[in-house]
1. Under a point spin-label approximation (7 Å from Cα along Cα-to-Cβ), what is the Ser124-Ala101 distance to one decimal in nm?
2. Return the carbon/sulfur percentage of the accessible area of the range 1-40, one whole number, probe 1.4 Å, all protein chains in place.
3. Between Glu109 and Ala37, what is the label-to-label distance in nm when each label sits 7 Å out along the Cα-to-Cβ direction?
4. Calculate what fraction, in whole %, of the accessible area of the range 69-124 sits on carbon and sulfur atoms when a 1.4 Å probe is rolled over the protein chains.
5. Taking trypsin sites (Lys or Arg not before Pro) as candidate sites, keep only those in a DSSP loop with at most 10 other Cβ atoms within 10 Å, then name the longest stretch of the chain containing none of them.
6. Leaving ligands, DNA and RNA out of it, work out the accessible area of Glu62 with a 1.4 Å probe and give it in Å² to the nearest 10.
7. Roll a 1.4 Å probe over the protein chains and send me the accessible area per residue for the chain in Å².
8. Can you pull the Rg over Rh of the range 1-120, Cα-only, Kirkwood?
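The values are calculated or read from the model by the stated rules, or taken from the named source; none is laboratory data. Just so it is clear, the structure is predicted and the values come from calculations on it, not from any experiment. Positions of Cβ are generated from backbone atoms using ideal geometry, with glycine treated the same way; all protein chains shown enter the neighbour counts. Only protein heavy atoms, including side chains, enter the accessible area calculation; ligands, DNA and RNA are left aside. Shrake-Rupley method; radii C 1.70, N 1.55, O 1.52, S 1.80 Å.
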Amino acid sequence: QVRLVESGGKSVQAGDSLRLSCAASGQVYSMAWFRQAPEKEREFVAGISSSGAQTTYGGSVEGRFTISRDNAKNILALEMNDLKPEDTAVYYCAAKNSYAALTTIHLAETHDYWGQGTQVTVSS
(Lines give C-alpha, C1' and ligand atoms only; values in the text may rest on other atoms or scores of the structure.)
Protein backbone atom coordinates (compact mmCIF):
# COMPACT_ATOMS: atom_id res chain seq x y z
CA GLN A 1 0.00 0.00 0.00
CA VAL A 2 1.42 3.37 -1.06
CA ARG A 3 0.83 6.40 1.11
CA LEU A 4 0.39 9.87 -0.39
CA VAL A 5 0.98 12.96 1.74
CA GLU A 6 0.13 16.44 0.47
CA SER A 7 1.63 19.68 1.77
CA GLY A 8 1.79 23.35 0.91
CA GLY A 9 -1.81 24.45 1.31
CA LYS A 10 -2.48 27.76 3.04
CA SER A 11 -4.49 30.99 2.89
CA VAL A 12 -3.43 33.46 0.18
CA GLN A 13 -4.74 36.55 -1.62
CA ALA A 14 -6.22 36.59 -5.09
CA GLY A 15 -3.45 36.85 -7.69
CA ASP A 16 -0.91 35.07 -5.50
CA SER A 17 0.97 31.91 -6.40
CA LEU A 18 1.25 28.71 -4.41
CA ARG A 19 3.03 25.37 -4.82
CA LEU A 20 1.55 22.12 -3.54
CA SER A 21 3.56 18.94 -3.12
CA CYS A 22 2.61 15.30 -2.74
CA ALA A 23 5.09 12.73 -1.47
CA ALA A 24 4.54 9.09 -2.39
CA SER A 25 5.93 6.34 -0.16
CA GLY A 26 6.43 3.94 -3.07
CA GLN A 27 6.22 3.50 -6.80
CA VAL A 28 3.11 4.76 -8.53
CA TYR A 29 2.16 5.29 -12.14
CA SER A 30 0.11 8.21 -13.43
CA MET A 31 -0.83 10.81 -10.85
CA ALA A 32 -3.32 13.60 -10.55
CA TRP A 33 -4.59 16.49 -8.47
CA PHE A 34 -8.27 16.82 -7.64
CA ARG A 35 -10.01 19.41 -5.51
CA GLN A 36 -13.25 19.67 -3.63
CA ALA A 37 -14.92 22.86 -2.47
CA PRO A 38 -17.62 22.88 0.23
CA GLU A 39 -20.90 21.46 -1.01
CA LYS A 40 -19.42 20.73 -4.44
CA GLU A 41 -18.34 17.52 -6.14
CA ARG A 42 -14.71 16.52 -6.41
CA GLU A 43 -13.18 18.17 -9.48
CA PHE A 44 -10.26 17.06 -11.64
CA VAL A 45 -7.48 19.66 -11.64
CA ALA A 46 -4.49 18.16 -13.46
CA GLY A 47 -2.92 14.83 -14.38
CA ILE A 48 0.50 13.57 -15.41
CA SER A 49 1.75 10.36 -16.98
CA SER A 50 4.15 7.94 -15.29
CA SER A 51 7.17 9.43 -17.04
CA GLY A 52 6.01 13.01 -16.70
CA ALA A 53 6.05 13.51 -20.45
CA GLN A 54 2.29 13.97 -20.79
CA THR A 55 0.06 16.31 -18.83
CA THR A 56 -3.58 17.31 -18.95
CA TYR A 57 -5.60 19.97 -17.13
CA GLY A 58 -9.12 20.77 -16.13
CA GLY A 59 -10.61 23.64 -18.04
CA SER A 60 -10.85 26.02 -15.10
CA VAL A 61 -7.12 25.91 -14.33
CA GLU A 62 -5.47 25.46 -17.72
CA GLY A 63 -2.92 28.18 -18.34
CA ARG A 64 -2.63 29.04 -14.63
CA PHE A 65 -1.61 25.72 -13.02
CA THR A 66 1.32 23.45 -13.88
CA ILE A 67 1.67 19.83 -12.77
CA SER A 68 5.07 18.16 -12.58
CA ARG A 69 6.74 15.18 -10.95
CA ASP A 70 10.19 14.12 -9.79
CA ASN A 71 10.29 10.33 -10.04
CA ALA A 72 13.69 10.12 -8.37
CA LYS A 73 12.17 11.64 -5.23
CA ASN A 74 8.61 10.30 -5.68
CA ILE A 75 7.25 13.87 -5.52
CA LEU A 76 4.27 15.29 -7.38
CA ALA A 77 3.90 19.07 -7.53
CA LEU A 78 1.25 21.58 -8.54
CA GLU A 79 2.36 25.13 -9.26
CA MET A 80 -0.66 27.44 -9.03
CA ASN A 81 -0.46 30.99 -10.38
CA ASP A 82 -2.96 33.85 -10.49
CA LEU A 83 -5.11 32.22 -7.84
CA LYS A 84 -8.78 33.16 -7.67
CA PRO A 85 -11.32 32.85 -4.86
CA GLU A 86 -13.01 30.06 -6.82
CA ASP A 87 -9.81 28.01 -6.47
CA THR A 88 -10.58 27.68 -2.76
CA ALA A 89 -10.87 23.96 -1.98
CA VAL A 90 -9.24 20.96 -0.39
CA TYR A 91 -6.69 19.67 -2.86
CA TYR A 92 -6.08 15.93 -3.10
CA CYS A 93 -3.27 13.97 -4.64
CA ALA A 94 -4.19 10.69 -6.36
CA ALA A 95 -2.23 7.93 -8.03
CA LYS A 96 -2.66 4.70 -9.91
CA ASN A 97 -0.92 1.43 -9.11
CA SER A 98 -0.67 0.25 -12.71
CA TYR A 99 -0.30 1.65 -16.16
CA ALA A 100 -3.35 3.29 -17.70
CA ALA A 101 -3.89 5.66 -20.58
CA LEU A 102 -3.96 9.32 -19.65
CA THR A 103 -7.45 9.50 -21.13
CA THR A 104 -8.85 8.17 -17.84
CA ILE A 105 -6.77 10.34 -15.51
CA HIS A 106 -9.68 12.70 -14.86
CA LEU A 107 -11.87 9.92 -13.46
CA ALA A 108 -11.54 9.82 -9.68
CA GLU A 109 -12.75 6.22 -9.45
CA THR A 110 -9.80 4.98 -11.52
CA HIS A 111 -7.21 6.04 -8.93
CA ASP A 112 -5.99 3.55 -6.35
CA TYR A 113 -4.33 5.80 -3.81
CA TRP A 114 -5.41 9.10 -2.28
CA GLY A 115 -3.86 11.59 0.08
CA GLN A 116 -5.63 13.21 3.00
CA GLY A 117 -5.87 16.60 1.30
CA THR A 118 -4.47 20.06 1.91
CA GLN A 119 -6.59 23.21 2.26
CA VAL A 120 -6.11 26.14 -0.10
CA THR A 121 -8.05 29.31 0.67
CA VAL A 122 -7.96 32.30 -1.67
CA SER A 123 -9.32 35.61 -0.44
CA SER A 124 -10.42 38.45 -2.71
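1. Going from the Ser124 label point to the Ala101 one covers 4.1 nm.
2. Carbon plus sulfur share of accessible area: 42 percent.
3. About 2.5 nm separates the two model spin labels.
4. Result for the range 69-124: 51 percent of the exposed heavy-atom area is carbon or sulfur.
5. Details: sites that count: Lys40, Lys73.
No qualifying site falls inside 74-124, the longest such stretch.
6. 120 Å²
7. Values: 6310 Å² over 124 residues.
Per residue, the chain has an accessible area of 51 Å².
8. A ratio of 0.93.
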